[in-house]
Structures are given as structure tokens and as C-alpha cells.
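What follows is a single structure, written as C-alpha cells, with notes after it.
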């Protein structure tokens, strides 16, 4: 199997949004919240784990308060870096802060149908289609199922994993597997891809992202799925989504302190049940409009949260999954979309995020317009090249070439030009090659749709082995019999 091409962003420098003393104050506030206020933990199993390790548990209110020594001791066992992988050479990702890996956005609920042009509920076929496109794009390092398989009801999360494993060789991240029962089936599916439980831990093809419930709450099924994943060696992260003004303080610092309390409380639990389990931190902020109470997903305060969150996560000693794209705009070709996509996609890798989700969805991460992923791909590569910085050596300075051409000459005939002009990335959607005389150039959206059609026609991901396909089918059948029978 030929290695697949993944092009992460490797910034030549990093941008600091918060100073050392500010990180320390936010961390101290987080520890105070966990100790004095506590977090709502609706899972009895999780509360028992906390109680066994010295936390103060109020079983009636389901509030758990965690002393600083417990929090710091548990987090000390969390690995700062770990690896995840896919099922082909070239798909292993090293989360150590030296590069930033991007992914699709996830959990959308509507798709703009390619045949009818009408908005409809998303399906498993949509998950598979976008996995195939993501398999082709070098900007996508791992695949987060972009929409939900709403044609499969309660078992949709497992069918999303099945469609993903069958249509891309890259690493898969699930955000919809909730509850211990579904998680155990997801682990079995991951073992089929990895080969066995030992190889799953060495090179996990699946990871899990679980959302907290702001303010200061956890989801019962989320925690119980997380514990299953952590014990199996599947990386699990927790994402806080504070909305400043409604579910979080109306300040960036306050939102970050509260978000950290939610995230760290869950990561502590994962370390208590499986010391050394690979875990990661994630915060995606938003703001409530003060007059209309609307949810504003793209605003300067959000970008500050995302950038500062990177340094806070790394100070806790864990990787961070940042957010980008996923803007409020419903229109693929709008000034607002261009403005907000550029900000979010540039800041998170510049801050040093380990991996980032968000490419391809509109309408605050709810609507899939399939060709949007190709437009975001061009923004990604523009930033990748910018952030890698300037290379300077004797060949690139080209003093001999400049001397040979001299004043008022041109470089068209120079070997240096032929050699290096090919190295310059040209965005083909905005700057397409020559077209037949008189045909003109179709507009940007049409070019994107044409490229999407070409990928779906020509790019065929490496298929699963027949025995792996059979095992996944059997696991889905067993889950249907047990959980929906």
C-alpha cells in the first residue's frame, strides 16, 4: 500500500496570547472552582471512582469537589504526547506540539443534496462520501464524521464509524458514541482495524471527543463512554463549549477558568480509571448577543479563547484539539465566511495547537454543503505555506541567476525558474489553469462542485480487507440485536 500524503502545518514560530502569570492565575482559578464549587457528575460509577480517591461527593446533588492534590496528582500521569494512526503508511500522527493536524468539522445534521439542491437530513451515505473526499485531501490528517447518520437511529454513531473506516485509511475521531454499551462496540470495531487490542493501544485508529455541559456539568453517557475508551487505550478528549453571557461568565478569563474546570475534571477521571491513558483538552467558545440572545460563533473573544486555550492545555501537560472554521455564515460565498475562516484557521496553528477540527461545515457547524470542504482546503494550504516561513540558502537566493539575467532582463528561460516555479503552490479553484478558447471560466462554486465530482469519480480509497468488512458488519448486527432488539 503506497503511503498517503498528509501535509500538517509546521509553524516556524508560535504566537503567545497569554503571559506566564496569566496562565498561572487561570490555573489557580480552575483548581479553586474544582475544590470549592465542584462539578455535576451524574454517573454513579464516576462518583464512586472520585470518592475512592478522596474527592468530596454529594450523592444527592451529584456534585463532586476535587482537592488540588487529587487533581494535580492525577493529571501528572497524563501523557503530554502520544500517537494515533490510520490503516495505511503515512497516516500516523504524532501529537507533540511540533506540528498541527487539521480535520473536518463534525456532527452536522443537514446536507445540501448534490442532485436536488435541497436541504435534507444527513445520512450514512453522506458520512461515507465526505470520508472519501477527505481521504484524497492532504489538508485532512484525520476524519471526524461530518454529519450524523440519521437513517440509523440510536445506532447512528456505530454506522458513522463503519462508513468512515470503509471510505478512508486515515484516523477516525468520533464525537457521537455515548454510553458504555455503544463504546464497547466501538472499541471492538477499532480492534478489527488495528488487528487486536495490543496493536490498538500502540497505534489507535479511533479516538473519541466528548462534550461537557456548561456550566460545570458532565454528561452521564459521555463519562461512561470515556471510561470504556480510556481503559481500552483509545485516546479520549473532552470539549467545553462555554457561551459567554449565558452558560459562562461574560469574560474571556472567566470562560477559560470555567471551561478548564469542566475539562480537567473529566481528564482526572480518565486518569483515575486508567493511569497514563492518552487524553486531550479542547475548548470551543462562543458569545451570547446581548440584545437578541443569539449564539455568535465567530467573534474576537472566541479567537482569544482558542489561542489562550492552547497554552493552558499545554501547561496542564496534555495535547489540545483546537477549533477553526465552523463559522456562523450559511452561505459558501460570502464576505463573512471569508473573514472568519481566515482568522480561525490561522490563529490556532500559530498558537501551537496539536490538532484542529472545523473544516467543511457552515451554519455554526450544522450544515454540510459538500464542496465547501474544497474551499476550506485552499484556505488551509495558504496558511500552511505562510506559517512554515521563509527558507534562505544559496540556491534560493539565486545570486548567480540574478547576475545572469541582469537589469531589465527576464527569468523565463532560466533553469532556476523551471525548477522552482513548480514548487509554488497555486490554488486551483481561485486560479485555474488554461481553458479552451471561448469557454470562459465557471464561477468558484461551480469549479468546486466539479472538483468534488472528479474526486468522487476518480479517487478510490484503499478498501478494507473482506474479512474486516465482514467483522464490522457482524458487530453492527450484534449491536442492533442487543441495543435495539
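The values are calculated or read from the model by the stated rules, or taken from the named source; none is laboratory data. What you see is a predicted model; the values in this text were computed from it and never measured. Here the Cβ positions follow ideal geometry from the backbone for every residue, glycine too, while neighbour counts run over all protein chains shown.
Observations
- You will find that of 128, 141, the residue that is in a helix (DSSP H, G or I) and on the phi < 0 side of the Ramachandran plot is 128 and no other.
- In segment 196-203, the condition of being modelled with pLDDT of 95 or more, closer than 28 Å to residue 141 by Cβ, touching a helix residue (DSSP H, G or I) at 6+ places or on another chain (Cβ under 8 Å) and buried (at least 24 other Cβ atoms within 10 Å of the Cβ) is met by no residue.
- Residue count for segment 291-326 under the criterion of being outside any helix (DSSP H, G or I), free of Cβ contacts under 8 Å to residues at least 24 places away in the same chain and within 18 Å of residue 364 (Cβ to Cβ): the result is 3.
- Which numbered condition residue 272 misses (of (1) more than 18 Å from residue 62 (Cα to Cα); (2) in contact with a strand residue (DSSP E or B) (Cβ under 7 Å, 6 or more places away or on another chain)): (2)
- Of all residues in segment 112-124, those that are part of a helix (DSSP H, G or I) and surrounded by 24 or more Cβ atoms within 10 Å (Cβ to Cβ) total 0.
- Count - residues of segment 1-13 that are over 17 Å from residue 94 (Cβ atoms) and under 23 Å from the mean Cα position of the chain (by Cα): 2
- The listed residue being surrounded by fewer than 24 Cβ atoms within 10 Å (Cβ to Cβ) and at pLDDT 95 or above, out of 266, 261, 214: 214
- Residue match in segment 441-462 (condition: surrounded by 12 or more Cβ atoms within 10 Å (Cβ to Cβ), at pLDDT 90 or above, more than 29 Å from the chain's Cα centre (by Cα) and not in a helix (DSSP H, G or I)): no
- Check on residue 470, in a helix (DSSP H, G or I), at pLDDT 90 or above and in contact with a strand residue (DSSP E or B) (Cβ under 9 Å, 6 or more places away or on another chain): no
- Taking the listed residues 51, 32, the one that is loosely packed, with under 15 Cβ neighbours inside 10 Å, in contact with a strand residue (DSSP E or B) (Cβ under 8 Å, 6 or more places away or on another chain) and free of Cβ contacts under 8 Å to residues at least 60 places away in the same chain is 51, with no other qualifying.
- In segment 1-84, counting only strands (runs of 3 or more DSSP E) that sit wholly within it, the ones holding 3 or more residues that are farther than 20 Å from residue 255 by Cα span 56-58, 82-84.
- From the options 127, 84, 109, residue that is surrounded by 22 or more Cβ atoms within 10 Å (Cβ to Cβ) and over 19 Å from residue 279 (Cβ atoms): 127
- When the helices (runs of 4 or more DSSP H) confined to segment 330-415 are screened for residues that are more than 28 Å from the chain's Cα centre (by Cα), exposed (fewer than 13 other Cβ atoms within 10 Å of the Cβ) and modelled with pLDDT of 95 or more, those reaching at least 3 such residues are found at 399-405.
- Residue identified as touching a residue at least 60 places away in the same chain (Cβ under 8 Å), within 20 Å of residue 454 (Cα to Cα), within 21 Å of the chain's Cα centre (by Cα) and crowded, with 23+ Cβ neighbours inside 10 Å among 134, 138: 134
- Matching residues in segment 223-245 - criterion: being without any contact (Cβ under 8 Å) to a residue 60 or more places away in the chain, touching a strand residue (DSSP E or B) at 6+ places or on another chain (Cβ under 8 Å) and more than 15 Å from residue 284 (Cβ to Cβ): 225, 226, 229, 230, 234, 236, 245
- Counting residues in segment 299-320 that are more than 30 Å from residue 21 (Cβ to Cβ) and crowded, with 17+ Cβ neighbours inside 10 Å gives zero.
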